[in-house]
1. State, as an integer percentage, the relative contact order of the chain based on alpha-carbon contacts under 8 Å between residues 6 or more apart.
2. Order of Val20, Val30 from fewest to most other C-beta atoms within 10 Å?
3. Any chance you could give the angle, 0 to 90 degrees and rounded to 10, that helix 14-25 forms with the longest Cα principal axis of the chain?
4. With a point put 7 Å past each Cα toward its Cβ, work out how far Lys31 is from Glu50 in nm, to one decimal.
5. Quick one: Cα convex hull volume of the chain, Å³ per residue?
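What follows is calculated from the coordinates using simple rules that are stated; it is not laboratory data. Model, not experiment: these values are computed from the prediction. Every residue, glycine among them, receives a Cβ derived from its backbone with ideal geometry; neighbour counts consider all protein chains shown.
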Amino acid sequence: METTTLMVQGMTCKGCVDAVKRALEGLPGVKAADPSLEKGSVAVEYDPKETSPSNFRAPIEAAGFELIG
């Protein structure tokens, strides 16, 4: 397993945090997503044999947020 931290713009409440978590944890290969409202980021633990950080942008944006960087 590997972990990466991504900066997410637009999270303003607990509901936003939950939406980002659901969006990422629904992806094959993602074991856990831990969004931080205070930091504006999400730590994602994933299996690099099944997915990569390049696959995380679309579900985050589909949930209504912007991935920075």
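1. So the answer I get is 42 percent.
2. If I rank by nearby Cβ atoms, fewest first, I get Val30, Val20.
3. Tilt relative to the chain: about 20 degrees.
4. Once both label points are built, they end up 1.0 nm from each other.
5. 68 Å³
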